[in-house]
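Trainee: One structure, pasted below without further comment.
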Amino acid sequence: MQNFYDLAIIGAGIAGVSSAVYAKRAGLKFVIFESGSVGGQLLLMERVDNFIGLGLNVSGYQLAEQLSKTLNDLGIQLIFEKVIKINTEEKIVKIWTEKNFYTSKALIISTGASFKKLKIKGEDEFIGKGVSYCAVCDGFFFKNKTVAVIGGGNTAAQEALYLSNICAKIFLIHRRDKLRALNYLQEALFKKENLKIIYNHIVTQINGKNFVEEIILEDTENKLKKNLNVDAIFIAIGATANTQIFKGIIDIDADGFILTDERLKTSLDFIWAAGDCRRRPLRQLITAAAEGSIAAIEAYKYLKTAYISI
């Protein structure tokens, strides 16, 4: 069968490309699918300064270009088709895209996750220019600056605490009259002298010239609006894993993230997950790259054992 492979990889972000590189090194017959552009969330990052060995002041777009070049240089087949359905009968992965049908003996899922957005004026315009969805990724760029964190859950609390050690002033803005974060996180927030919590407010607009300069807040009770000058806004209202087509096939948690063991194997022994689509403690480029390599090597080991001809 022309479209039959040892391994299929869905997603060409940094985790998927890493998997592809190691699958190539292992001599597997494989294919990698991507519905958009190589790099995924990288294309939303203005700068990447925390990827070891990459140097400083590299843009996400430049890194995405390097990923694409790596695939081309290695002669790795990349299919720009959206996977819309999979089936795993008899330990064979059947894959349907919008155009074709493929089968594979093993699968690596690296479909990533999408940050939940506020969907307000200025948000998309200033992504990478003061609008961020990751304090660990971008907090350093706003050292000794004034920033806002949006949200009231554990993620928002952790982002605010992280930034409190970097930034001069942090505003934590929550739409309700109390936070949803765990008690120990709230207690830590209350102790921070450079952190102020603004309850019962939402952000309705983000303004600036070349970079974020201010946000417009609206009181959820009286609807009055006010301006707040900030250098950046960190939106921490959650992320949605891009895993909808895998529900009912492998174990996925209540938030949609794929559950794996330490070797990145899912609940099926011929499927692995790497990167932001899986439940993981730290969502960073460098951890995604590492996970991609582990998943590919584990897939190779499985194929070597299950199929003597590999």
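Trainee: Roughly what % of DSSP beta bridges within the chain run antiparallel, to the nearest 5?
Mentor: 45 percent
Trainee: Once the Cα gyration tensor of region 1-103 is found, what semi-axes does its equivalent ellipsoid get, as square roots of 5 times the eigenvalues, in whole Å, sorted largest first?
Mentor: In descending order the semi-axes read 28, 15, 11 Å.
Trainee: Here is a follow-up. Whole Å is fine, so just give me how far the alpha carbon centre of region 254-296 lies from that of region 127-148.
Mentor: 26 Å
Trainee: Semi-axes of the equivalent ellipsoid of region 250-310: what are they in whole Å, largest first, if each equals the square root of 5 times a C-alpha gyration tensor eigenvalue?
Mentor: Each semi-axis is √(5λ); the values are 22, 14, 6 Å.
Trainee: So for region 117-235: antiparallel DSSP bridges make up what percent, rounded to the nearest 5?
Mentor: 40 percent
Trainee: Right, something else. Which value results when the Cα radius of gyration for region 34-171 is divided by 2.2 N^0.38 Å?
Mentor: Rg over 2.2 N^0.38 Å, computed on Cα atoms: 1.33.
Trainee: On to the next question. Per residue of the chain, what 222 nm ellipticity follows from adding -39500 (n - 2.57) for every DSSP H run with n ≥ 4, rounded to the nearest 500?
Mentor: -7000 deg cm²/dmol
Trainee: What do you get for the angle between helix 285-306 and the principal long axis of the chain? Use alpha-carbon atoms, 0 to 90 degrees, nearest ten.
Mentor: That helix lies at roughly 20 degrees to the long axis.
Trainee: Further question: Based on DSSP loop calls and a cut-off of at most 16 other Cβ atoms within 10 Å, the longest stretch of the chain free of exposed chymotrypsin sites (Phe, Trp or Tyr not before Pro) is what?
Mentor: Result, exposed sites excluded: 81-198.
Trainee: Describe numerically, in nm with one decimal, the distance between label points set 7 Å from Cα along Cα→Cβ at Lys143 and at Asn165.
Mentor: The two pseudo-label positions are separated by 1.4 nm.
Trainee: Across every pair of different alpha-carbon atoms, what Kirkwood hydrodynamic radius in Å does region 213-284 reach?
Mentor: 15.2 Å
Trainee: Pick from Asn222, Asn200, Asn72: which is most flexible by mean-square fluctuation in a GNM of the chain where alpha carbon atoms under 10 Å apart are linked?
Mentor: Of the options given, Asn222 has the highest mean-square fluctuation.
Trainee: Among the DSSP beta bridges whose two residues both lie in region 19-149, what percent are antiparallel, rounded to the nearest 5?
Mentor: Within region 19-149, antiparallel bridges account for around 75 percent of the total.
Trainee: Sort largest first and round to whole Å: the equivalent ellipsoid semi-axes of the chain, each the square root of five times a Cα gyration tensor eigenvalue.
Mentor: Square roots of five times the eigenvalues give 40, 20, 17 Å.
Trainee: I need to check one value: relative contact order of region 232-310, counting alpha carbon pairs closer than 8 Å and at least 6 residues apart, in percent.
Mentor: Relative contact order for region 232-310 comes out at 22 percent.
Trainee: Along Cα→Cβ, 7 Å out, is where each label goes; now give me the distance between the ones at Ser37 and Leu268 in nm to one decimal.
Mentor: Calculated label separation equals 3.2 nm.
Trainee: Measuring from centroid to centroid over Cα atoms, what is the spacing of region 1-43 and region 205-246 in Å?
Mentor: Cα centroid to Cα centroid, the span is 34 Å.
Trainee: Label point 7 Å out from Gln62 along Cα-to-Cβ: which residues of region 94-138 have amide N under 19 Å?
Mentor: 128-130, 137-138
Trainee: Taking N as the number of residues in region 136-283, what value does Rg over Cα atoms divided by 2.2 N^0.38 Å take?
Mentor: In units of the globular-protein estimate, region 136-283 measures up at 1.23.
Trainee: Remind me, relative contact order of region 137-211 in percent, using alpha carbon pairs under 8 angstrom and six or more residues apart?
Mentor: Over region 137-211, the number comes to 31 percent.
Trainee: Looking at the chain, which Cys residues are left with no other cysteine's beta carbon under 4.7 Å from theirs?
Mentor: Those would be Cys167, Cys277, since no other cysteine Cβ in the chain comes under 4.7 Å of theirs.
Trainee: Given the pairs Lys121/Lys191; Lys29/Lys116; Lys196/Lys223; Lys94/Lys117, which span a C-alpha to C-alpha distance of over 29 angstrom in this model?
Mentor: Exceeds cut-off: Lys121/Lys191; Lys29/Lys116; Lys94/Lys117.
Computed from the coordinates by the stated procedures, all read-outs in this text should not be read as laboratory data. Quick caveat: nothing in here was measured; it's all calculated off a predicted structure. Because the Cβ atoms are built from the backbone with ideal geometry, glycine has one as well, and the counts that use them run over all protein chains shown.
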